[in-house]
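A.B. asks: Have a look at this one before I ask anything.
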Amino acid sequence: MKIMAIAVCPLTGGTVDGGWPQGHEPQENLHTLLIVTTDEGLVGLGSCFTSGKL
């Protein structure tokens with residue numbers, strides 16, 4: 001089995017009023033979904049913590 005494609009889907013949108021307690025602003029992108037597709041047709045989903053500035 002081989003990985004044929006990886007799609008990245010940043011999660012954006014509203015967050016809690018006033019931002020997160022760790023000091024992040026409401027407009028910051030902190031989480032991203034990953035969609036991995038194999039040559040056998042299997043699809044897997046995962047998530048990671050990230051920053052839009054990367």
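A.B. asks: Among the residues of segment 8-43 satisfying the criterion of being in a strand (DSSP E or B) and exposed (fewer than 11 other Cβ atoms within 10 Å of the Cβ), which is modelled with the lowest pLDDT? Let's see the steps before the verdict.
C.D. replies: Pass one, segment 8-43, residues in a strand (DSSP E or B): 8-11, 31-38, 43.
Next, from what is left, pick out any that are exposed (fewer than 11 other Cβ atoms within 10 Å of the Cβ): 8, 43.
On the way: 8: 90, 43: 98.
Here the residue is 8.
A.B. asks: Can you tell me which residue in segment 44-54 is modelled with the lowest pLDDT, limited to those that are under 12 Å from the mean Cα position of the chain (by Cα) and assigned to a loop (DSSP other than H, G, I, E, B)?
C.D. replies: Ranking the qualifying residues of segment 44-54, first place goes to 52.
The values are calculated or read from the model by the stated rules, or taken from the named source; none is laboratory data. As the structure is a prediction and not an experimental result, all values here were calculated from the model. Counting neighbours? That spans all protein chains shown, and the Cβs are built from the backbone with ideal geometry, glycine included.
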